[in-house]
Amino acid sequence: MSAYKAKEDVALFDLSALTWGSFFDAYAPQCQVPKSVVDIIGGSGDGGATITQPVGGFDDAAISTMFNPPTIIPPTVTPPMKTPDTHPHHEGNAGDIAGAVIGAAVGLAIVIGLSVWILRRKSRKDRYQLSPPQELTGESIRRELAATPPCQELPAEMRQAVELPAEE
């Protein structure tokens, strides 16, 4: 093995070639166990080692458990036995049927009510938009703000700009 002597702060160790590198190749072929390791622990390049622990065993039981986790056998679950029903089952409870009918009727009434309200609102809106504009003349002028002289619409034949006198 060669020692890593690059200028980067992060290095990657290639387990197949047992060398240090400075980049990760996502498209590299699948990792293989190096031949020098296979010669010691057995198996093949794809795994399957025959030696899975040190010759004298692990010094710590926790490390042994980490490398050889216990096999957990899932418990077999037997389905509960079906007990015979002591109460006869009635097809269609009257309360359930009445609730469904009343709920459907209320839902239909809400939909019809909303439809009528929307249509009436639309027809009122159309009625006000179709009426021709009315010209206000003389005394029928509605004053919105108190002003002297009263605000009036300019005659249609007047084409020059007019400015109101400034208040002093």
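We did not get these values from a lab; they are worked out from the coordinates using the rules stated. Everything numeric in this text was worked out from a predicted model, so none of it was measured. Positions of Cβ are generated from backbone atoms using ideal geometry, with glycine treated the same way; all protein chains shown enter the neighbour counts.
Of the peptides 35-48, 100-113, the order by per-residue mean of other Cβ atoms within 10 Å, starting with the highest, comes out as 35-48, 100-113. Length gained on full extension, ILE63 to VAL37, computed as 0.36 nm times the residue gap minus the Cα-Cα distance: 7.3 nm. Fully extending the segment from PHE13 to ALA49 would add 10.9 nm, taking 0.36 nm per residue of separation and subtracting the current Cα-Cα distance.
With the simple model of a label 7 Å out from the Cα in the direction of the Cβ, GLU157 to VAL111 spans 6.3 nm.
FRET efficiency for the LYS125 to GLU167 pair, using the beta carbon distance and R₀ = 45 Å, is estimated at 0.65.
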